[in-house]
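Asks: Below you will find the structure I want to go over with you.
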Amino acid sequence: MSIVADCKSESQWNGKEELLKAFERLGKVLPEEDICQLVGSMVQKNGADMYAKRLQDEAEKEQNRQDKEEAALRKQLALQKQASLMERFHKRSKNSSSTSHNDQFFNKSNTS
């Protein structure tokens, strides 16, 4: 484990003993410099993968936020349309009832 420890501290592997064992076996075949390069490239790739995943997660969260915002706006628009229709209906009903009420009033006064 000393070769791997030279390249990367053991705490940064987060308990990945199999990986450490594999590097120890590599130490019997490859020189320390090659192992350090391999470890460095793996760490770099891992960092890039984590960064890409984080970006993707943030993009998904942003998309979900936008979707919710759009849904709320659509709902608000639908409510506004419904309120407008109800208001127009109410005005028509009010006008037609007052007109028919006036007609009844005039009809009664003309017949009397």
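Asks: Local charge sum around residue 22 (other residues, Cβ-Cβ under 13 Å, Lys/Arg +1, Asp/Glu -1)?
Replies: Net charge in that neighbourhood comes out at +1.
Asks: Using Cα positions and a limit of under 23 Å, work out the lysines in reach of residue 28, with same-chain residues fewer than 8 apart set aside.
Replies: Straight-line reach from residue 28, under 23 Å: 8, 16.
Asks: Among 34-40, 89-95, how do they line up by average Cβ neighbours within 10 Å per residue, starting with the highest?
Replies: Listed from highest to lowest mean packing, they are 34-40, 89-95.
Asks: If you don't mind, another one. For residue 68, what is the net charge nearby, where nearby means another residue's Cβ is under 13 Å from its Cβ and Lys, Arg count +1, Asp, Glu -1?
Replies: Result for the local shell: -1.
Asks: Could you compute the net charge surrounding residue 53? Neighbours are other residues with a C-beta less than 14 Å from the C-beta of residue 53; K and R count +1, D and E count -1.
Replies: Local charge sum for residue 53: -1.
Each reported figure results from applying straightforward, stated rules to the coordinates on display, with no laboratory input. The model shown is predicted, which means the values in this text are computed figures rather than measured ones. Cβ atoms come from the backbone with ideal geometry, glycine included; neighbour counts cover every protein chain shown.
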